[in-house]
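Read the structure below first, then the notes.
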Amino acid sequence: MAGGRRQKLDKVAQENGAGAAKPAVAGEAAAVVADPAGRAPKPEAPGEPEPNYLPPGGCAPPDPAALGAGQKVPVHHEYTVRALVLQGGGALGSYQAGVLQGLVEAGIQPNWVAGISIGALNAAVIAGNAPERRVEQLRAFWEYICQQPWLPSLLPYELLAESATHWPDPLRVWFDGIEAARAVFEGQRGFFQPRPWPSLLERHAGPANASYYDTGPLKSTLERFVDFDRINAAHQEMRVSVGAVNVRTGNFAYFDNTRRKLRAEHFMASGALPPGFPAVEIDGEFYWDGGLVSNTPLSEVLTAQPRRDALIFQVDLWSARGKLPHNLLDVAERQKDIQYSSRTRTITDYMGEQQNYRRMLSEVMALVPQAQRDNDWYRKAAEYACDARRNVIQLIYRDKTFEGNAKDYQFGLLTMNEHWTSGLDDIRETLKHPEWLAMPTHERPFITHDIHRGNGHHDVMAVAKPSA
(Lines give C-alpha, C1' and ligand atoms only; values in the text may rest on other atoms or scores of the structure.)
Protein backbone atom coordinates (compact mmCIF):
# COMPACT_ATOMS: atom_id res chain seq x y z
CA MET A 1 0.00 0.00 0.00
CA ALA A 2 1.02 3.68 0.02
CA GLY A 3 4.14 4.92 1.80
CA GLY A 4 5.76 1.50 1.53
CA ARG A 5 9.31 2.79 1.46
CA ARG A 6 8.93 4.92 4.57
CA GLN A 7 6.95 2.26 6.44
CA LYS A 8 9.78 -0.20 5.85
CA LEU A 9 12.28 2.32 7.17
CA ASP A 10 10.07 2.97 10.19
CA LYS A 11 9.90 -0.76 10.86
CA VAL A 12 13.69 -1.03 10.65
CA ALA A 13 14.04 1.95 12.99
CA GLN A 14 11.68 0.39 15.53
CA GLU A 15 13.54 -2.92 15.39
CA ASN A 16 16.78 -1.05 15.99
CA GLY A 17 15.33 0.60 19.06
CA ALA A 18 14.61 4.09 17.66
CA GLY A 19 10.96 3.79 18.56
CA ALA A 20 11.84 3.25 22.20
CA ALA A 21 14.41 6.02 22.34
CA LYS A 22 14.37 8.36 25.28
CA PRO A 23 14.90 12.11 25.10
CA ALA A 24 18.43 13.30 25.62
CA VAL A 25 19.56 14.28 29.07
CA ALA A 26 21.50 17.40 29.91
CA GLY A 27 24.97 17.43 28.45
CA GLU A 28 24.41 14.62 25.96
CA ALA A 29 26.17 15.35 22.70
CA ALA A 30 24.05 15.62 19.60
CA ALA A 31 25.07 13.69 16.50
CA VAL A 32 26.26 15.62 13.48
CA VAL A 33 24.21 14.76 10.41
CA ALA A 34 24.50 15.60 6.76
CA ASP A 35 23.61 19.00 5.33
CA PRO A 36 19.90 19.42 6.18
CA ALA A 37 19.34 21.15 2.87
CA GLY A 38 20.27 17.93 1.15
CA ARG A 39 22.49 19.80 -1.31
CA ALA A 40 26.15 20.75 -1.09
CA PRO A 41 27.45 23.95 -2.69
CA LYS A 42 29.44 23.62 -5.87
CA PRO A 43 33.17 23.48 -5.15
CA GLU A 44 35.01 26.73 -5.82
CA ALA A 45 38.47 25.24 -6.28
CA PRO A 46 39.11 23.58 -9.66
CA GLY A 47 39.78 19.89 -9.75
CA GLU A 48 37.56 18.97 -6.77
CA PRO A 49 35.07 16.16 -7.38
CA GLU A 50 31.52 17.22 -8.18
CA PRO A 51 29.25 16.62 -5.14
CA ASN A 52 26.38 14.16 -5.31
CA TYR A 53 23.19 16.19 -5.56
CA LEU A 54 19.90 14.88 -4.27
CA PRO A 55 16.77 15.23 -6.42
CA PRO A 56 15.77 18.91 -6.90
CA GLY A 57 12.21 18.32 -5.77
CA GLY A 58 9.96 15.88 -4.01
CA CYS A 59 10.82 14.12 -0.80
CA ALA A 60 14.22 12.85 0.28
CA PRO A 61 14.43 9.49 2.04
CA PRO A 62 15.17 9.55 5.78
CA ASP A 63 18.83 9.72 6.70
CA PRO A 64 19.92 6.22 7.81
CA ALA A 65 22.26 7.82 10.35
CA ALA A 66 19.26 9.57 11.91
CA LEU A 67 17.46 6.25 12.29
CA GLY A 68 20.29 4.73 14.27
CA ALA A 69 22.23 1.89 12.71
CA GLY A 70 21.55 -0.85 15.21
CA GLN A 71 21.69 1.42 18.24
CA LYS A 72 19.30 3.43 20.32
CA VAL A 73 19.32 7.16 19.67
CA PRO A 74 17.54 10.12 21.30
CA VAL A 75 14.11 10.62 19.78
CA HIS A 76 15.04 13.98 18.25
CA HIS A 77 17.82 12.30 16.27
CA GLU A 78 15.17 10.51 14.22
CA TYR A 79 14.74 13.79 12.34
CA THR A 80 17.11 14.60 9.51
CA VAL A 81 16.54 18.31 10.11
CA ARG A 82 16.58 19.87 13.57
CA ALA A 83 15.99 23.55 12.94
CA LEU A 84 15.98 26.63 15.14
CA VAL A 85 13.79 29.37 13.60
CA LEU A 86 14.34 32.84 15.11
CA GLN A 87 11.95 35.76 14.60
CA GLY A 88 12.97 39.43 14.66
CA GLY A 89 12.20 41.58 17.68
CA GLY A 90 15.10 43.78 18.77
CA ALA A 91 15.75 43.82 22.50
CA LEU A 92 13.34 40.91 22.99
CA GLY A 93 15.87 38.66 21.25
CA SER A 94 17.58 37.48 24.44
CA TYR A 95 14.46 35.30 24.90
CA GLN A 96 15.83 33.22 22.02
CA ALA A 97 19.20 32.93 23.76
CA GLY A 98 17.43 31.46 26.79
CA VAL A 99 15.70 28.92 24.55
CA LEU A 100 19.05 27.91 23.06
CA GLN A 101 20.47 27.43 26.55
CA GLY A 102 17.61 25.08 27.40
CA LEU A 103 18.15 23.06 24.23
CA VAL A 104 21.86 22.73 25.00
CA GLU A 105 21.03 21.54 28.52
CA ALA A 106 18.83 18.84 27.00
CA GLY A 107 21.49 17.73 24.53
CA ILE A 108 19.55 19.02 21.50
CA GLN A 109 21.84 20.68 18.97
CA PRO A 110 20.19 22.20 15.88
CA ASN A 111 21.72 21.50 12.48
CA TRP A 112 19.95 24.44 10.81
CA VAL A 113 19.45 27.92 12.24
CA ALA A 114 17.39 30.51 10.35
CA GLY A 115 16.81 34.06 11.51
CA ILE A 116 15.43 37.49 10.70
CA SER A 117 16.70 40.77 12.19
CA ILE A 118 17.81 40.16 15.80
CA GLY A 119 17.17 36.48 15.11
CA ALA A 120 19.84 36.69 12.41
CA LEU A 121 22.34 38.18 14.87
CA ASN A 122 21.60 35.37 17.33
CA ALA A 123 21.98 32.89 14.47
CA ALA A 124 25.42 34.30 13.69
CA VAL A 125 26.64 33.84 17.27
CA ILE A 126 25.14 30.34 17.50
CA ALA A 127 26.52 29.05 14.21
CA GLY A 128 29.79 30.93 14.55
CA ASN A 129 30.87 29.12 17.71
CA ALA A 130 31.54 25.53 18.73
CA PRO A 131 28.53 23.84 20.40
CA GLU A 132 30.15 23.93 23.85
CA ARG A 133 30.72 27.72 23.61
CA ARG A 134 27.43 28.90 22.14
CA VAL A 135 25.65 29.77 25.37
CA GLU A 136 28.75 31.44 26.78
CA GLN A 137 29.24 33.57 23.67
CA LEU A 138 25.55 34.47 23.44
CA ARG A 139 25.70 35.67 27.04
CA ALA A 140 28.84 37.72 26.33
CA PHE A 141 27.30 39.21 23.17
CA TRP A 142 24.10 40.29 24.90
CA GLU A 143 25.86 41.68 27.96
CA TYR A 144 28.12 43.66 25.65
CA ILE A 145 25.41 45.32 23.53
CA CYS A 146 23.02 45.93 26.45
CA GLN A 147 25.05 48.82 27.77
CA GLN A 148 25.05 52.45 26.71
CA PRO A 149 28.33 54.01 25.55
CA TRP A 150 27.88 57.30 27.42
CA LEU A 151 28.04 57.96 31.14
CA PRO A 152 27.63 54.33 32.27
CA SER A 153 27.89 55.48 35.90
CA LEU A 154 25.25 58.20 35.59
CA LEU A 155 23.12 56.24 38.09
CA PRO A 156 24.02 53.48 40.56
CA TYR A 157 22.67 51.06 37.98
CA GLU A 158 23.51 47.79 39.69
CA LEU A 159 21.73 48.81 42.89
CA LEU A 160 18.70 50.14 41.02
CA ALA A 161 18.45 47.11 38.73
CA GLU A 162 18.66 44.68 41.62
CA SER A 163 15.84 46.39 43.48
CA ALA A 164 13.76 47.10 40.34
CA THR A 165 12.79 43.45 40.05
CA HIS A 166 10.58 43.95 43.09
CA TRP A 167 9.15 47.35 42.23
CA PRO A 168 5.44 47.88 41.48
CA ASP A 169 4.58 48.28 37.81
CA PRO A 170 4.44 52.13 37.79
CA LEU A 171 8.01 52.38 39.11
CA ARG A 172 9.19 49.69 36.76
CA VAL A 173 7.65 51.54 33.80
CA TRP A 174 9.59 54.63 34.89
CA PHE A 175 12.88 52.71 35.17
CA ASP A 176 12.45 51.00 31.81
CA GLY A 177 11.51 54.34 30.25
CA ILE A 178 14.88 55.74 31.29
CA GLU A 179 16.63 52.76 29.70
CA ALA A 180 14.65 53.16 26.47
CA ALA A 181 15.34 56.91 26.35
CA ARG A 182 19.06 56.30 26.73
CA ALA A 183 18.94 53.87 23.83
CA VAL A 184 17.27 56.54 21.69
CA PHE A 185 19.70 59.34 22.58
CA GLU A 186 22.93 57.41 23.20
CA GLY A 187 22.58 54.20 21.19
CA GLN A 188 23.93 50.87 22.40
CA ARG A 189 27.56 49.90 22.86
CA GLY A 190 28.89 47.90 19.94
CA PHE A 191 25.54 48.04 18.13
CA PHE A 192 24.38 51.45 16.94
CA GLN A 193 25.10 55.12 17.61
CA PRO A 194 23.15 58.27 16.71
CA ARG A 195 24.31 60.23 13.70
CA PRO A 196 25.21 63.92 14.12
CA TRP A 197 22.11 66.05 13.73
CA PRO A 198 23.39 68.04 10.70
CA SER A 199 23.90 64.81 8.74
CA LEU A 200 20.21 63.99 9.12
CA LEU A 201 19.35 67.04 7.03
CA GLU A 202 21.45 66.02 4.01
CA ARG A 203 19.30 65.50 0.93
CA HIS A 204 21.77 63.18 -0.81
CA ALA A 205 23.22 61.12 2.00
CA GLY A 206 22.91 57.90 0.02
CA PRO A 207 21.28 54.60 1.08
CA ALA A 208 24.17 53.61 3.33
CA ASN A 209 23.84 56.81 5.37
CA ALA A 210 20.14 57.66 5.20
CA SER A 211 19.20 56.69 8.75
CA TYR A 212 19.00 58.03 12.28
CA TYR A 213 21.72 55.70 13.53
CA ASP A 214 25.05 54.37 12.34
CA THR A 215 25.42 50.57 12.69
CA GLY A 216 29.13 50.53 11.90
CA PRO A 217 29.99 49.36 15.43
CA LEU A 218 27.91 46.20 14.89
CA LYS A 219 30.32 44.87 12.27
CA SER A 220 33.19 44.93 14.75
CA THR A 221 31.01 43.35 17.43
CA LEU A 222 29.95 40.49 15.17
CA GLU A 223 33.54 39.85 14.15
CA ARG A 224 34.46 39.78 17.84
CA PHE A 225 31.87 37.16 18.85
CA VAL A 226 31.42 35.19 15.60
CA ASP A 227 33.84 32.95 13.71
CA PHE A 228 32.67 33.44 10.12
CA ASP A 229 35.19 30.91 8.85
CA ARG A 230 33.38 28.32 10.97
CA ILE A 231 29.98 29.35 9.55
CA ASN A 232 31.24 28.95 6.00
CA ALA A 233 33.37 25.85 6.47
CA ALA A 234 30.95 23.85 8.62
CA HIS A 235 27.79 24.20 6.50
CA GLN A 236 27.29 20.43 6.58
CA GLU A 237 27.25 20.55 10.38
CA MET A 238 24.97 23.59 10.59
CA ARG A 239 23.08 25.32 7.82
CA VAL A 240 22.52 29.07 8.27
CA SER A 241 19.82 31.13 6.53
CA VAL A 242 19.07 34.81 7.17
CA GLY A 243 16.47 36.93 5.37
CA ALA A 244 16.58 40.49 4.07
CA VAL A 245 14.70 42.58 1.50
CA ASN A 246 16.28 44.15 -1.57
CA VAL A 247 15.68 47.91 -1.30
CA ARG A 248 15.67 48.45 -5.08
CA THR A 249 13.40 45.57 -6.14
CA GLY A 250 11.41 44.99 -2.96
CA ASN A 251 12.09 41.26 -3.29
CA PHE A 252 12.83 39.06 -0.30
CA ALA A 253 16.18 37.25 -0.31
CA TYR A 254 17.78 34.60 1.87
CA PHE A 255 21.52 34.51 2.44
CA ASP A 256 22.48 30.88 3.00
CA ASN A 257 25.85 29.33 3.80
CA THR A 258 25.09 26.35 1.53
CA ARG A 259 24.88 28.72 -1.43
CA ARG A 260 27.33 31.53 -0.71
CA LYS A 261 30.03 32.70 1.66
CA LEU A 262 28.49 34.70 4.52
CA ARG A 263 30.06 37.79 6.03
CA ALA A 264 29.06 40.13 8.85
CA GLU A 265 27.25 42.32 6.28
CA HIS A 266 24.72 39.59 5.47
CA PHE A 267 23.60 39.41 9.08
CA MET A 268 23.63 43.20 9.45
CA ALA A 269 21.43 43.50 6.36
CA SER A 270 18.85 41.20 7.91
CA GLY A 271 18.62 43.60 10.88
CA ALA A 272 18.77 46.92 9.01
CA LEU A 273 15.33 48.23 9.98
CA PRO A 274 14.63 51.68 8.44
CA PRO A 275 14.55 54.54 9.12
CA GLY A 276 16.53 53.79 12.28
CA PHE A 277 19.22 51.71 10.60
CA PRO A 278 20.76 52.21 7.14
CA ALA A 279 20.60 49.79 4.23
CA VAL A 280 23.59 47.46 3.92
CA GLU A 281 25.34 46.99 0.59
CA ILE A 282 26.07 43.44 -0.58
CA ASP A 283 27.46 42.76 -4.05
CA GLY A 284 26.23 46.09 -5.39
CA GLU A 285 22.69 45.81 -4.00
CA PHE A 286 21.29 47.39 -0.82
CA TYR A 287 19.23 45.45 1.69
CA TRP A 288 16.93 46.27 4.60
CA ASP A 289 15.56 44.24 7.48
CA GLY A 290 13.73 41.11 6.32
CA GLY A 291 10.96 41.89 8.81
CA LEU A 292 9.60 44.46 6.36
CA VAL A 293 8.29 41.55 4.28
CA SER A 294 8.24 38.56 6.65
CA ASN A 295 9.51 38.56 10.20
CA THR A 296 9.80 34.80 10.60
CA PRO A 297 11.87 32.41 8.42
CA LEU A 298 9.62 29.41 9.08
CA SER A 299 8.48 29.08 5.47
CA GLU A 300 12.11 28.96 4.27
CA VAL A 301 12.71 25.85 6.36
CA LEU A 302 9.40 24.19 5.48
CA THR A 303 9.70 24.71 1.71
CA ALA A 304 13.35 23.67 1.34
CA GLN A 305 13.86 20.87 -1.18
CA PRO A 306 14.19 17.99 -1.05
CA ARG A 307 11.71 17.87 1.81
CA ARG A 308 12.84 15.97 4.88
CA ASP A 309 11.53 14.91 8.27
CA ALA A 310 12.05 17.96 10.46
CA LEU A 311 11.85 18.96 14.11
CA ILE A 312 11.53 22.74 14.17
CA PHE A 313 11.84 24.96 17.24
CA GLN A 314 10.07 28.15 16.20
CA VAL A 315 10.99 30.97 18.61
CA ASP A 316 8.79 34.06 18.18
CA LEU A 317 9.14 37.39 19.95
CA TRP A 318 5.74 38.87 19.08
CA SER A 319 2.37 37.42 19.93
CA ALA A 320 -0.50 37.96 17.51
CA ARG A 321 -2.93 37.63 20.39
CA GLY A 322 -3.33 40.49 22.85
CA LYS A 323 -5.60 42.78 24.78
CA LEU A 324 -7.67 45.57 23.28
CA PRO A 325 -5.82 48.92 23.47
CA HIS A 326 -7.23 51.70 25.64
CA ASN A 327 -4.94 54.61 24.73
CA LEU A 328 -2.51 55.67 22.00
CA LEU A 329 0.47 54.01 23.67
CA ASP A 330 -1.48 50.76 23.81
CA VAL A 331 -2.38 51.20 20.14
CA ALA A 332 1.28 51.62 19.15
CA GLU A 333 2.26 48.50 21.09
CA ARG A 334 -0.59 46.40 19.71
CA GLN A 335 0.23 47.53 16.16
CA LYS A 336 3.79 46.23 16.56
CA ASP A 337 2.58 42.92 17.96
CA ILE A 338 0.29 42.28 15.01
CA GLN A 339 2.66 43.62 12.35
CA TYR A 340 5.76 41.73 13.46
CA SER A 341 4.11 38.48 14.50
CA SER A 342 3.96 37.95 10.70
CA ARG A 343 0.85 35.77 10.73
CA THR A 344 2.89 32.91 12.17
CA ARG A 345 -0.15 30.76 12.97
CA THR A 346 -1.54 31.26 9.47
CA ILE A 347 1.76 30.25 7.89
CA THR A 348 1.96 27.17 10.08
CA ASP A 349 -1.59 26.11 9.28
CA TYR A 350 -1.10 26.70 5.55
CA MET A 351 2.19 24.81 5.38
CA GLY A 352 0.65 21.97 7.37
CA GLU A 353 -2.25 21.76 4.95
CA GLN A 354 0.14 21.70 2.00
CA GLN A 355 2.19 18.91 3.56
CA ASN A 356 -0.91 16.83 4.12
CA TYR A 357 -1.95 17.27 0.49
CA ARG A 358 1.51 16.10 -0.57
CA ARG A 359 1.10 13.08 1.66
CA MET A 360 -2.28 12.26 0.13
CA LEU A 361 -0.82 12.60 -3.35
CA SER A 362 1.88 10.08 -2.48
CA GLU A 363 -0.84 7.70 -1.25
CA VAL A 364 -2.75 8.04 -4.52
CA MET A 365 0.40 7.58 -6.60
CA ALA A 366 1.09 4.28 -4.85
CA LEU A 367 -2.12 2.96 -6.47
CA VAL A 368 -0.77 3.54 -9.98
CA PRO A 369 0.35 0.23 -11.55
CA GLN A 370 4.10 -0.05 -12.05
CA ALA A 371 3.71 -0.42 -15.81
CA GLN A 372 1.99 2.99 -16.05
CA ARG A 373 4.51 5.01 -14.07
CA ASP A 374 6.98 5.66 -16.87
CA ASN A 375 5.46 8.92 -18.13
CA ASP A 376 5.98 12.65 -17.68
CA TRP A 377 2.80 13.20 -15.64
CA TYR A 378 3.76 10.62 -13.04
CA ARG A 379 7.26 12.07 -12.75
CA LYS A 380 5.81 15.57 -12.41
CA ALA A 381 3.48 14.41 -9.66
CA ALA A 382 6.43 12.76 -7.91
CA GLU A 383 8.05 16.19 -7.57
CA TYR A 384 5.08 17.40 -5.53
CA ALA A 385 4.30 14.24 -3.59
CA CYS A 386 6.01 13.83 -0.25
CA ASP A 387 5.50 11.88 2.95
CA ALA A 388 8.00 13.85 5.03
CA ARG A 389 6.83 14.60 8.54
CA ARG A 390 7.19 17.90 10.39
CA ASN A 391 6.96 18.65 14.09
CA VAL A 392 6.90 22.37 14.96
CA ILE A 393 7.56 23.29 18.60
CA GLN A 394 6.33 26.86 19.05
CA LEU A 395 7.73 29.14 21.73
CA ILE A 396 6.30 32.67 21.85
CA TYR A 397 7.47 35.38 24.22
CA ARG A 398 4.77 36.62 26.57
CA ASP A 399 4.85 40.29 27.58
CA LYS A 400 5.39 41.39 31.15
CA THR A 401 2.65 43.57 32.62
CA PHE A 402 4.94 46.61 32.77
CA GLU A 403 6.20 46.40 29.18
CA GLY A 404 4.99 48.79 26.53
CA ASN A 405 5.73 50.19 23.10
CA ALA A 406 9.47 50.51 23.78
CA LYS A 407 10.02 46.83 24.61
CA ASP A 408 11.88 46.14 21.36
CA TYR A 409 14.49 48.88 21.89
CA GLN A 410 14.78 48.81 25.68
CA PHE A 411 18.14 47.05 25.85
CA GLY A 412 18.85 47.35 29.58
CA LEU A 413 20.72 44.53 31.30
CA LEU A 414 17.83 43.92 33.69
CA THR A 415 15.25 43.33 30.98
CA MET A 416 17.77 41.37 28.90
CA ASN A 417 18.20 38.91 31.76
CA GLU A 418 14.44 38.73 32.30
CA HIS A 419 13.81 37.90 28.64
CA TRP A 420 16.59 35.30 28.75
CA THR A 421 15.06 33.68 31.82
CA SER A 422 11.61 33.63 30.17
CA GLY A 423 13.00 31.75 27.18
CA LEU A 424 14.85 29.29 29.39
CA ASP A 425 11.74 28.66 31.51
CA ASP A 426 9.54 28.14 28.44
CA ILE A 427 11.82 25.60 26.78
CA ARG A 428 12.33 23.73 30.05
CA GLU A 429 8.57 23.48 30.52
CA THR A 430 8.20 22.34 26.91
CA LEU A 431 10.82 19.62 27.28
CA LYS A 432 9.01 18.24 30.30
CA HIS A 433 6.80 16.68 27.61
CA PRO A 434 9.27 14.41 25.77
CA GLU A 435 6.39 12.85 23.86
CA TRP A 436 6.06 16.15 21.98
CA LEU A 437 9.38 15.43 20.26
CA ALA A 438 8.17 12.11 18.85
CA MET A 439 7.99 11.68 15.09
CA PRO A 440 4.49 12.51 13.76
CA THR A 441 2.43 9.63 12.43
CA HIS A 442 1.72 9.06 8.75
CA GLU A 443 -1.93 10.00 9.34
CA ARG A 444 -0.89 13.28 10.99
CA PRO A 445 2.38 14.21 9.25
CA PHE A 446 2.37 17.87 10.39
CA ILE A 447 1.82 18.76 14.03
CA THR A 448 2.57 21.69 16.31
CA HIS A 449 3.01 22.04 20.06
CA ASP A 450 2.87 25.17 22.19
CA ILE A 451 3.22 25.23 25.98
CA HIS A 452 1.06 28.38 26.14
CA ARG A 453 -1.94 26.91 24.32
CA GLY A 454 -3.62 24.83 26.98
CA ASN A 455 -2.63 21.23 26.40
CA GLY A 456 0.25 22.32 24.21
CA HIS A 457 -0.83 20.27 21.23
CA HIS A 458 -2.42 21.26 17.96
CA ASP A 459 -2.82 18.98 14.94
CA VAL A 460 -2.90 21.19 11.88
CA MET A 461 -4.64 18.64 9.73
CA ALA A 462 -5.08 14.90 9.56
CA VAL A 463 -4.99 12.71 6.49
CA ALA A 464 -8.05 10.51 6.62
CA LYS A 465 -7.58 6.85 5.82
CA PRO A 466 -9.90 5.52 3.16
CA SER A 467 -12.43 3.00 4.33
CA ALA A 468 -12.01 -0.61 3.29
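The values are calculated or read from the model by the stated rules, or taken from the named source; none is laboratory data. Predicted model only: the values in this text are computed from it and were never measured. Cβ atoms come from the backbone with ideal geometry, glycine included; neighbour counts cover every protein chain shown. Areas reflect the complete protein model, heavy atoms only, side chains present, ligands, DNA and RNA absent. Shrake-Rupley method; radii C 1.70, N 1.55, O 1.52, S 1.80 Å.
Note on segment 436-451 and segment 279-306: Cα centroid distance 27 Å, given to the nearest whole angstrom.
How large is the charge dipole for segment 200-288, taken about the Cα centre, if only the Cβ atoms of Lys, Arg (+1) and Asp, Glu (-1) carry charge, to the nearest 20 debye? Could you put the intermediate results ahead of the total?
Working: 10 positive and 11 negative charges, 27 e Å.
Here the size comes out at about 140 debye.
A simple spin-label model places pseudo-atoms 7 Å from Cα toward Cβ; at residue 413 and residue 181 they are separated by 2.1 nm. For the listed peptides 404-416, 309-321, a ranking on the average number of other beta carbons within 10 Å per residue, highest first, reads 309-321, 404-416. Neighbours of residue 337, meaning other residues whose beta-carbon lies under 9 angstrom from its beta-carbon, give a summed charge of +1 when Lys and Arg score +1 and Asp and Glu score -1. Atom-type composition of the exposed protein surface of segment 326-411 places 58 percent of the accessible area on carbon and sulfur (1.4 angstrom probe).
Look at the dipole of segment 276-340 built from charges on Cβ: of 305, 286, 338, the Cα furthest out on the positive end belongs to 338.
Distance between the modelled labels on residue 219 and residue 428, one decimal in nanometres: 4.1 nm (7 Å Cα→Cβ projection). Probing with 1.4 Å while keeping every protein chain in the model, the per residue accessible area of segment 356-458 equals 47 Å².
Within the shell defined by Cβ-Cβ distances under 9 Å, the residues around residue 265 carry a net charge of +1, with Lys and Arg each +1 and Asp and Glu each -1. Which Cα, out of 371, 413, 320, lies furthest along the positive dipole direction of segment 287-443 (beta carbon charges, K/R +1, D/E -1)? So the residue furthest toward the plus end is 371. Element breakdown for segment 267-313 at a 1.4 angstrom probe: carbon and sulfur atoms account for 53% of the accessible area. Rolling a 1.4 Å probe over the protein heavy atoms gives segment 210-288 an accessible area of 42 Å² per residue. At the residue level, residue 293 shows approximately 70 square angstrom of accessible surface with a 1.4 angstrom probe and all protein chains present. Dipole magnitude for segment 267-326: about 440 debye, using +1 per Lys or Arg Cβ and -1 per Asp or Glu Cβ, origin at the Cα centre.
Nonpolar atom fraction for segment 98-197, defined as the carbon and sulfur part of the 1.4 Å probe accessible area, stands at 65 percent.
What is the packing order of peptides 420-427, 78-85, 279-286, taking the mean over residues of other C-beta atoms within 10 Å and listing the highest first?
The peptides rank, most packed first, as 78-85, 420-427, 279-286.
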